[in-house]
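Report on the structure given below.
The values are calculated or read from the model by the stated rules, or taken from the named source; none is laboratory data. The model shown is predicted, which means the values in this text are computed figures rather than measured ones. So basically every Cβ, Gly included, is an ideal-geometry build from the backbone, and we count neighbours across all protein chains shown. To get the accessible areas, we keep the full protein, side chains included, count just its heavy atoms, and leave off ligands, DNA and RNA. Shrake-Rupley method; radii C 1.70, N 1.55, O 1.52, S 1.80 Å.
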Amino acid sequence: MSGRVAALFVQKDGCYSGMDNVDPWCVDRDAMLYFGDLPVVAHPPCQLWGSLAFVNYKRWGGEHNRPGNDGGCFEFALQSVVRCGGVLEHPAFTRAWEKYGLTRPSGTGWSENEQGGYVCEVWQSAYGHKARKRTWLYYYSPLGNEPFALKEDREPGTHQVGCCDSRGKSRNKPTLSKKEANATPKSFRDELIALAVLSTKERTN
């Protein structure tokens, strides 16, 4: 995992902090000011791109609740990945995918995105997260380097994100705190960093 990367939109004092090979951009630094040339691992905010955002907007209104109104964070993250190389992570079924023309992952493993790069779905439970935490990834390499395979395990997880299971009360599991739910397992973090490094690695043959 040699090589430096920039981690954009990450938690302050989170799993990317204190790493010699990572330049972390948390809320205090404003990731949208990043114009360096390191490959990036991007975790743009997701709250306004899921189904709950539409429910909240209908109930409460307000521009700050408008679905997709993230101040340009996702668009900037995507542009940074394409400009510098790297990988972007967002919850599965995010509406940002369709908004910005990304191909929806299908099955397991990587598939090519129609506009370049690759997409896939990973369950973070395969990397030790307590909830299954289905996640979509977009990987792009300016050099055309293909991504390596990620774990394809579909572990159900011992906990859940949110207060209820849509399949019925009998399916409920212990609910994770917001901090636990948002946390990225270190082994998954390392995979994302390695993907970003790979995206700009010169081929030797």
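Pairing the Cα long axis of helix 186-199 with the longest principal axis of the chain, what angle in degrees results, from 0 to 90 and rounded to the nearest 10?
40
About the Cα centre of the chain, how large is the charge dipole given +1 on each Lys and Arg Cβ and -1 on each Asp and Glu Cβ? Please answer in debye to the nearest 20.
Details: 26 positive and 23 negative charges, 201 e Å.
That gives a dipole near 960 debye.
Take VAL27 and TRP60, extend 7 Å from each Cα along the Cα→Cβ direction, and tell me the distance between the two endpoints in nm.
Once both label points are built, they end up 1.4 nm from each other.
Calculate the dipole size of region 1-92 relative to its Cα centre from +1 charges on Lys and Arg beta carbons and -1 charges on Asp and Glu beta carbons; express the result in debye to the nearest 20.
Around 320 debye, computed over region 1-92.
Just one of (1) 53; (2) 37; (3) 30 is percent of Cα pairs over 25 Å apart calculated from these coordinates, so which is it?
Among (1) 53; (2) 37; (3) 30, the one derived from this structure is (2).
Can you show me the helix-derived [θ] at 222 nm for the chain, built from DSSP H runs with n ≥ 4 at -39,500 (n - 2.57) apiece and divided by the number of residues, rounded to the nearest 500.
On the way: 5 runs with 45 residues, N = 205.
When only DSSP H runs of four or more count, the value is -6000 deg cm²/dmol.
Accessible area per residue for the chain in Å², computed with a 1.4 Å probe and the full protein assembly in place, what is it? Present the calculation step by step, with values, prior to reporting the outcome.
Values: 11250 Å² over 205 residues.
Per residue, the chain has 55 Å² of solvent-accessible surface.
Angle, helix 51-60 long axis vs. longest principal axis of the chain, Cα atoms, 0 to 90°, nearest 10?
Helix 51-60 and the main axis of the chain meet at about 50 degrees.
How would you classify region 69-150 from its alpha-carbon gyration tensor, with a ≥ b ≥ c the square roots of the eigenvalues: rounded for a/c under 1.5, else prolate if a/b is greater than b/c, otherwise oblate?
Working: a/c = 1.65, a/b = 1.18, b/c = 1.40.
The shape class here is oblate.
Build a GNM of the chain with springs between Cα atoms under 10 Å: which of GLY72, GLY61, GLY14 gets the top mean-square fluctuation?
Judging by the Gaussian network model, the answer is GLY61.
Measure nothing but the geometry: give the 0 to 90° angle between the long axis through the Cα atoms of 73-84 and the longest principal axis through the Cα atoms of the chain, rounded to 10°.
Between helix and principal axis, roughly 20 degrees.
Treat every Asp and Glu Cβ in region 119-164 as -1 and every Lys and Arg Cβ as +1, leave all other atoms uncharged, and give the resulting dipole magnitude about the Cα centre to the nearest 20 debye. Working shown, then result.
Numbers: 6 positive and 5 negative charges, 50 e Å.
So the dipole magnitude of region 119-164 works out to roughly 240 debye.
Would you work out what percent of the accessible area of the chain, with all protein chains in place, is carbon or sulfur (probe 1.4 Å)? Don't skip to the answer; put the middle values down first.
On the way: 5690 of 11250 Å².
Within the chain, the accessible surface is 51 percent carbon and sulfur.
Using the Cα centre of the chain as origin and beta-carbon charges of +1 (Lys, Arg) and -1 (Asp, Glu), tell me which of HIS64, THR108, LEU195 is placed farthest towards the positive end of the dipole.
HIS64
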